[in-house]
1. As a test of reading the structure, rank A:V33, B:V142 by solvent-accessible area (1.4 Å probe, protein chains only), most first.
2. Picking from B:A10, B:H135, B:Y164, whose Cα lies most toward the positive end of the charge dipole for chain B (charges on Cβ: Lys, Arg +1; Asp, Glu -1)?
3. Give the accessible area for A:H68 in Å² (nearest 10); use a 1.4 Å probe, count only protein heavy atoms, and leave out ligands, DNA and RNA.
4. Can you list the residues, at least 5 places off or on another chain, whose amide H is less than 5 Å from the amide H of B:A219, using H built in the peptide plane?
5. At 7 Å along the Cα-to-beta-carbon direction for both B:D112 and B:I182, put a label point, then send me their distance in nm to one decimal.
6. Where nothing but the Cβ of Lys and Arg (+1) and of Asp and Glu (-1) is charged, how large is the charge dipole of the range B:47-253 around its Cα centre, in debye to the nearest 20?
7. So what's the net charge close to A:I83: Lys and Arg +1, Asp and Glu -1, counting the other residues with Cβ under 12 Å from its Cβ?
8. Find how much the distance from A:H68 to A:A28 grows on full extension, using 0.36 nm per residue of separation minus their present alpha carbon separation; answer in nm with one decimal.
Amino acid sequence: MRELFKDKEHLVRVAALAVAGFLVFLLAKARLVPAGFGAYGHFRAGALDDNRARPLVFAGRQAGADCHEDIVKARHGSKHAAIGCETCHGPLEKHAADPSALTPERPDQRDLCLGCHHENAARPAFIRQVNPQDHGEPGPCTACHKAHHPEMEEPAPAAGAVVGTAADPHGAPPAQPAQEVKQ
Amino acid sequence: MSPTRREFLAQSGKFLLLTGAAALAFDQILAGKPEEASNYKLTNHWWGMIIDIEKCIGCGACVRADKAENDVPRQPYYFRTWVERYHVPPVDLQHPETESLPEVDSPNGGYDGFTEKYRRGDGSKNFFVPKLCNHCAHSPCVQVCPVGATFESPDGTVLVDTKYCMGCRYCVQACPYGCRYIHPVTHVVDKCSLCYHRITKGLTTACCEACPTGARRLADLKNPDDPVHEFLRTHTIQVLKPQMATGSKMFYHGLDGSVR
């Protein structure tokens, strides 16, 4: 054995250096790689919790329905029944957590409606669209329509009626080629 | 102070029976706050979204909701989601072989809605296309990130580690859908997280919450009871840029060939 290592001291030194280098690498890795890195993949596992930690701003429609049963009842059977409360009333998580902390603002009763119901060529035909110039009277839409149940009890409009005329403000929207293909 | 024999047995028994996350959840249930129990399991979900173009009315509620929920800068260049309006001009009857390129606009990302610009019945085709991060299963942005700051989570969302991102912008260039931007305050990348803080608590995303027509619907592809499976089976579905094989999980119904 002694014979074997007689002239090989330099090899031992190199080996010792390699081991020392490896130890330095392990120490540096332990310091530099953040905790949880690689637990699920090539990323820091804690980032999932960071993304989850953001506070809520929208409470969700269930939170609204839990307290405001009267509105749920008022909307029943209406085309507006499936719309979330916060679509019109804005984000209300603060109100849901503590009703006195934030009172929802009453949305503008003309601009808000027209945001969805203004005539627009790109708007699909299933949604009722009006030209505010010749539909109804200037002023809030809620003068005639209830916001939570906007359908008015009127006889069904005649076929081929033009939407938004003074004579027949609730006529069916004109059929589009896209609509025919769908059916 | 060392624990008493009773405390020690209770603690060790609890941890033996309910290890890990379950023990934490049990603590919160004991404290009378079962709703805060973290019973979300990463491996039980695979998130995506259904976007029904035939139902999109271009009201911009999703854009406003998203900016409110995720504190996106209000300037008109920063969006986690936005809505585009496509205007495909009528076919040139003299030269039907020439492709009529669509006109696309998205004023302020659709935040304020769309004012009427085209005339109905002039032979053109007009429709709205909502866009957001496609939460690709094989995402180009994840592949180019040099530090592992953007990643595909085990439950199928593409997320950003804002503490680890160094703002090099590789991912902004790599995203084929243009869904990323550098946040003007933090100077790191930001993008749609599919409202990860909401969907992991059993809520839907802010944009789906605000959409009045149900044109956007959050989908959990690992949940056998999710109506997404019925929808995918009974409707024609396409993803954006399928030729790029990104594994996009934004399933569009009614997607026109002119959409890029």
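The values are calculated or read from the model by the stated rules, or taken from the named source; none is laboratory data. In this text the structure is predicted, and so the values were computed from the model without any measurement. Using ideal geometry, Cβ is built from the backbone for each residue, glycine included, and neighbour counts are taken over all protein chains shown. Heavy atoms of the whole protein, side chains included, go into the accessibility calculation; ligands, DNA and RNA do not. Shrake-Rupley method; radii C 1.70, N 1.55, O 1.52, S 1.80 Å.
1. Values: A:V33 65, B:V142 35 Å².
Per-residue accessible area, sorted high to low, gives A:V33, B:V142.
2. About the Cα centre, the residue reaching furthest to the positive side is B:A10.
3. The accessible area of A:H68 comes to roughly 80 Å².
4. B:G48, B:M49, B:I50
5. The two pseudo-label positions are separated by 2.8 nm.
6. Once rounded to the nearest 20, the dipole reads 380 debye.
7. Around A:I83, the surrounding residues sum to +1.
8. Difference between extended and current length: 8.6 nm.
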